[in-house]
Amino acid sequence: MNPDADELCDEILRRGELRIERIVSTGQASPDGFWYDQEAHEWVLLLRGRAGLEIEGREGILELRPGDHLDIPARVRHRVAWTAADEPTVWLAVHYPG
């Protein structure tokens, strides 16, 4: 896997403010000090691989495995601490109005 390569992000569907994406990570993580702070809610489902998320106000790293999902409310800061280095990590992300 190549953590220096860009993640692959394919928009599957967009209807107004609803957006569904398929994301493939190959060892990437959020840059040091970077936090997502989105105006929309985001529901994520991990389809393959493994990932660790940090969520502001929550202690520790939340580890996700295939089948795990999480709803992240709008304006809740979060970051990808790590994704699996030995296999692709495939996410389904649904962004919806906040």
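The values are calculated or read from the model by the stated rules, or taken from the named source; none is laboratory data. Just so you know, these numbers come straight off a predicted model, no measurement behind them. As a convention, Cβ positions derive from the backbone with ideal geometry for all residues, glycine included, and neighbour counts pool all protein chains shown. Just the protein is used for accessible areas: all its heavy atoms, side chains included, with ligands, DNA and RNA removed. Shrake-Rupley method; radii C 1.70, N 1.55, O 1.52, S 1.80 Å.
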Legend entry - Rounded accessible area of residue 71 (nearest 10 Å², 1.4 Å probe): 70
Inset, instruction - For residue 91, tell me the accessible area in Å² from a 1.4 Å probe, rounded to the nearest 10. - result: 20
Legend entry - Nearest-20 debye value, the chain charge dipole, Cβ charges on Lys, Arg, Asp, Glu: 300
Inset, instruction - Provide the convex hull volume over Cα atoms per residue for the chain, in Å³. - result: 90
Inset, instruction - Taking amide H positions as placed in the peptide plane 1.01 Å from N, state which residues far from residue 98 in sequence (5 or more) or on other chains have amide H under 5 Å from it. - result: 41
Inset, instruction - Obtain the nm distance between the two label points defined at residue 12 and residue 45 by a simple spin-label model: each point lies 7 Å from its Cα along the Cα-to-C-beta direction. - result: 0.7
Legend entry - Length added when fully stretched, residue 61-residue 74, from 0.36 nm per residue minus Cα-Cα: 2.7 nm
Legend entry - Rounded accessible area per residue of the chain, 1.4 Å, Å²: 60
Inset, instruction - Heavy atoms only, probe 1.4 Å: what % of the accessible area of the chain goes to carbon and sulfur, would you let me know? - result: 50
Inset, instruction - Order the peptides 55-63, 38-46 from the highest to the lowest mean number of other Cβ atoms within 10 Å of their residues. - result: 38-46, 55-63
